[in-house]
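Note sheet for the following structure.
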Amino acid sequence: MPSSASAHTGSGSERRCRYCRQSFVPSVYRPQQGVCSQPECQKRRKTDYHRHKRLHDPAYAQTCQNSQQNWRRDHPDYNRQYRQTHPKAVERNREGERQRYRYCQLANLAKNNLAFDLKRCAAEVWLLSPAGTVLAKNNVALSQLFIVQPPTPAAATPSTP
C-alpha cells in the first residue's frame, strides 16, 4: 500500500498552473488537474467555474438569483448599516458615481459632432493628475480653461528727455 505522501504527489509529471504559472505535480486522484493548490489559484478556479456555470446553465443562474433575492429579503437593513459603518466605502462610491456621470456627459458630447466648433489654437495643453494616474491614453477629458495672458509692457508713453 502506498504511503499517504506518495498518494498525493501524482505520477511525477509536472504541469504549470494556468493562473500563477508555477509548476506543480497533479494529484493521483485528479490526473487532469490544471490548477495548483495555492488558495489564490483555487479561489480563481472556483470563481471562473461559477461564472461559466451561470452563463451556460439557466437553471443554475435562476437558483443563484433566487438565493440573492431571498438573502436581500431576509436582511433589508444590510446596505444602510454597511454605509453607516464604512464611510470610506461610501465616499469611494460617491467619487465613482461622479466619474461615471462625467464620463456619460463626455460620451454624449462626443456623439454630438455638431456641438463642437473646432478652431485651431496655438495654446499648449497640460494634463495634470494625481500621482500614479496614467494620462497616456486620455484623448477626451473634462477641463477648466484658464486663460493667462503674458504681462504687457508698460503702455507706450512718450519718454521725456
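Worth pointing out:
- Selection of first residues in segment 47-62 that are closer than 21 Å to R18 by Cα and of second residues that are part of a helix (DSSP H, G or I), restricted to Cβ pairs under 6 Å at least 6 apart or on distinct chains, gives the following pairs, ordered by first then second residue: K53/Y60.
- Sub-8 Å Cβ pairs linking a first residue in segment 64-92 that is farther than 21 Å from T47 by Cα to a second residue that is of a type in the set (A, V, I, L, M) and part of a helix (DSSP H, G or I), at least 6 apart or interchain, are Y82/A89; R83/A89; R83/V90, ordered by first then second residue.
- Of all residues in segment 26-49 being β-branched (V, I, T) and at pLDDT 95 or above, the one that is farthest from the chain's Cα centre (by Cα): V35
The values are calculated or read from the model by the stated rules, or taken from the named source; none is laboratory data. Owing to the predicted nature of the structure, the values given are computational and were not obtained by experimental measurement. With ideal geometry, Cβ positions are generated from the backbone for all residues, glycine too; neighbour counts draw on all protein chains shown.
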